[in-house]
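These notes concern the structure reproduced below.
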Amino acid sequence: MIKEQRQQQIIQLLEENDVMMNSALAEYFGTSLMTIRRDIDELAEDEIVIKLHGGVALKKTQSLHIGHVTRVNENTDLKKRIGAEAAKLIQEGMSVFFDAGSTPLFIARNVPPQLHFTAITNSLVTATELCKKVNTNVIMIGGELYKPTFATRHNSAVDSAAHFRSDISFISTKTISPPKGLYEMDLSMIEVKLAMAERAENVIVVADHTKFNISGTYLSIPMSDIDLVITDTELDQKYVDLLKKGGTPVTLT
């Protein structure tokens with residue numbers, strides 16, 4: 001795992017656990033304490049975290065926004081390419097789910113303004129972007145707002161999503177591990193992704209190559225339920241082969 005990926009995961013772990021011990025992080029990533037301390041030093045220099053005795057915490061003034069901001073600004077060139085390719089699949093009159101990941105936001109940015117379709121999302125940020133498209137009907141899935149990602153979650157969001165069906169569900173992921181499926185760190189976000197996937201004619205995963213085979217905790221959507229993966233050309237050929245061997249089409253852009 002490269003340094004940037006590990007530091008991003010440290011931030012996400014701190015969003016969920018408030019405080020983490022350095023030793024626990026070293027064990028989680030299977031790396032040395034020295035490596036973890038260097039990561040924490042860099043994050044502290046950027047004023048993202050606060051170093052504690054033997055541990056680390058998110059800087060409170062940053063914690064409500066750092067999760068979303070860091071994800072949107074990570075691998076932006078790759079996400080732009082994937083977003084542009086995925087947006088081509090939206091046709092006139094369709095109903096489309098956009099989940100709360102950062103890559104679906106880039107799909108929304110690439111939607112042609114003249115296109116008439118219905119967008120359904122649990123992301124405040126993606127909903128705001130889609131509202132700029134004058135011909136797009138935007139439906140916001142209700143529920144408890146999870147501030148680090150500006151997305152709704154839990155039972156009320158799942159129940160809200162259950163009222164709709166879609167031609168396409170665009171699903172992002174923490175990690176994708178063929179031939180098993182998609183994995184997440186947060187159980188509460190899995191429920192909404194599943195609701196979107198179960199009510200779609202086509203489940204399309206949008207994930208850049210850095211999301212493949214990194215560590216994840218909870219299986220969200222099995223590979224057998226995925227109709228297409230859109231990723232970038234930097235993806236290692238072994239993962240392309242695994243996807244195709246398992247019967248999952250893949251588009252490289």
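Quick note: the coordinates plus some simple rules give every number you see, no bench work behind them. No experiment lies behind these values; they were computed from the predicted model shown. Reconstructed Cβ throughout: ideal geometry from the backbone, glycine too, with neighbour counts over all protein chains shown.
Would you count, across the stretch 147-251, every pair of lysines whose alpha carbons are under 16 angstrom apart, provided the pair is eight or more residues apart or spans two chains?
Within the stretch 147-251, the lysine pair count is 7.
What size of dipole, in debye to the nearest 20, comes out for the stretch 76-252 about its Cα centre when the only charges are +1 on Lys and Arg C-beta atoms and -1 on Asp and Glu C-beta atoms?
Dipole size: approximately 240 debye.
Once the stretch 126-173 is represented by equal point scatterers at the alpha-carbon sites, with solvent omitted, what log10 I(q)/I(0) does the Debye formula produce at q = 0.17 Å⁻¹?
Log10 I(q)/I(0), no solvent term: -0.60.
5 Å is the cut-off here: which amide hydrogens, built 1.01 Å from N in the peptide plane, fall below it relative to residue 59, excluding neighbours closer than 5 in sequence?
Amide H to amide H, under 5 Å and 5 or more residues apart or across chains, residue 59 pairs with 49, 50.
If you line up the long axis of helix 76-87 against the longest principal axis of the chain, both from Cα atoms, how many degrees apart are they, to the nearest 10?
Helix 76-87 sits at roughly 20 degrees to that axis.
Counting each DSSP H run of 4 or more residues in the chain as -39500 (n - 2.57), what helix-only mean residue ellipticity at 222 nm follows after dividing by all residues, to the nearest 500 deg cm²/dmol?
Calculated mean residue ellipticity at 222 nm is -12500 deg cm²/dmol.
Would you please give the residues with an amide H less than 5 Å from that of residue 99, counting only those at least 5 places away or on a separate chain, with H modeled from the backbone geometry?
170, 172
May I ask you to list the GluC sites (Glu not before Pro) in the stretch 84-175 that are in a DSSP loop and have at most 15 other Cβ atoms within 10 Å of their Cβ?
92
For the stretch 194-203, what does the Karplus curve 6.51 cos²θ - 1.76 cosθ + 1.60, with θ = phi - 60°, yield as ³J(HN,Hα) per residue in whole Hz, taken in order and with x for Gly and Pro?
Running phi through 6.51 cos²θ - 1.76 cosθ + 1.60 with θ = phi - 60° gives 4, 4, 5, 5, 5, 10, 10, 5, 9, 9 Hz.
Report the extension gain between residue 128 and residue 59 in nm, rounded to one decimal, defined as 0.36 nm multiplied by the number of residues separating them, less their alpha carbon distance.
Working it through step by step, the gained length comes to 22.1 nm.
Work out from phi, with θ = phi - 60° and the Karplus expression 6.51 cos²θ - 1.76 cosθ + 1.60, the ³J(HN,Hα) of each residue of the stretch 144-156, listed in order in whole Hz, and give x for Gly and Pro.
5, 7, 8, 4, x, 10, 6, 10, 8, 8, 6, 4, 5
R0 = 22 Å: FRET efficiency of residue 234 with residue 19, Cβ-based, nearest 0.05?
0.05
If the chain between residue 147 and residue 227 were fully stretched, how many nm would it gain, using 0.36 nm times the residue separation less the Cα-Cα distance?
Taking residue 147 through residue 227 to full extension adds about 25.7 nm, to one decimal.
At a Förster radius of 30 Å, what calculated FRET efficiency corresponds to the Cβ-Cβ distance of residue 135 and residue 162, to the nearest 0.05?
The calculated FRET efficiency here is 0.70.
Hey, can you grab everything whose amide H is under 5 Å from the amide H of residue 138? Only 5+ residues off in sequence or another chain; H modelled, so Pro and N-termini drop out.
Those qualifying (amide H under 5 Å, at least 5 residues apart or on another chain) are 119.
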